[in-house]
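For reference, the structure discussed in these notes is given below.
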Amino acid sequence: MYPDSCWEPVPARSTANLVARFVLTVVLLPLHWALVLAGLLALLAFSLVGDLLKLIPGAEKGFLRGLDALSDRVKVWPRWFVSWPELRHEGDAEFYRARADEAVAKHTSAATTTRKGRVPPWTCEIPVRKYRAVGAGYVLRTAESRGWALRHDEYSDLPNEIRLRRVPKEAAPGAVSG
């Protein structure tokens, strides 16, 4: 399904590329956030008027589908940005191993913590900026040891992110049922 090269670490980016991306991040990320905030405020203002959509059959469902599609495309942390730690630690496997472990632990904690009235998340996405120097294979092995598996309903875009789903304890490999 996936080529073997997808599971390997991503090649290190050049210093010039990283510095240029970092400068663009410092300049453009606040602008990006301002546009996202303006879009949210405009959407909020439209949703107040959008209550009239309930009068048109099917329009509300289409509006909600459009909102879902928009939220999937607009990210708070775009893929093109480069943070200061990424600039300093490009190619450092230990740094990225710690980031990948932290990301898996955070999602595992969220999925195993129950709060009154909230269903824990059963899926998660881990972006490549968390596992660049160790590869998606490392993330998958780490996640599998904590009860996650690859999502089969929505395939991972391995050059950019790995999508995981929580495996119920009854279906986990090696689980003993009583």
* Asked: Under the definition of Cα pairs under 8 Å and six or more residues apart, what whole-number percent is the relative contact order of the chain?
  -> 27 percent
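Please return the longest stretch of the chain lacking exposed loop sites, where chymotrypsin sites (Phe, Trp or Tyr not before Pro) count only if DSSP places them in a loop and at most 16 other Cβ atoms lie within 10 Å. Each step should come with its number before you reach the end.
Values: sites that count: Trp80, Trp122, Tyr155.
So the longest stretch without any such site is 1-79.
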* Structure fact -> Excluding ligands, DNA and RNA, the carbon-plus-sulfur percentage of the accessible area of region 20-178 with a 1.4 Å probe reads 62 percent
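Compute the Rg to Rh ratio over the chain from the alpha carbon atoms, using the Kirkwood formula for Rh, and round to two decimal places. Don't skip to the answer; put the middle values down first.
On the way: Rg = 19.8 Å, Rh = 19.1 Å.
My calculation puts Rg/Rh at 1.04.
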* Asked: Given H placed on each backbone N at 1.01 Å, which residues far from Val167 in sequence or on other chains put an amide H within less than 5 Å of it?
  -> Trp148, Ala149
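Among the complete DSSP H segments of the chain, which ones combine at least 18 Å of alpha-carbon extent along their axis with a mean Kyte-Doolittle hydropathy of -1.0 or more? Intermediate results must be reported in sequence, preceding the final value.
On the way: long enough: 15-50 (49 Å, 1.96); 59-73 (21 Å, -0.48); 93-112 (28 Å, -0.52).
Counting only whole DSSP H runs, the qualifying helices are 15-50, 59-73, 93-112.
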* Find the accessible area per residue for the chain; the probe is 1.4 Å, ligands and nucleic acids are left out, and the unit is Å². => 67 Å²
* Stokes-Einstein D in µm²/s, Kirkwood radius over Cα pairs - region 31-103 at 20 °C with 1.002 mPa s viscosity -> 137 µm²/s
* Structure fact -> The long-range amide H neighbours of Glu161, using H built 1.01 Å from N in the peptide plane and a cut-off of under 5 Å, are Val128
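The values are calculated or read from the model by the stated rules, or taken from the named source; none is laboratory data. Just so it is clear, the model here is predicted, and its values are computed rather than measured. Counting neighbours? That spans all protein chains shown, and the Cβs are built from the backbone with ideal geometry, glycine included. With ligands, DNA and RNA removed, areas are computed over all heavy atoms of the protein, side chains included. Shrake-Rupley method; radii C 1.70, N 1.55, O 1.52, S 1.80 Å.
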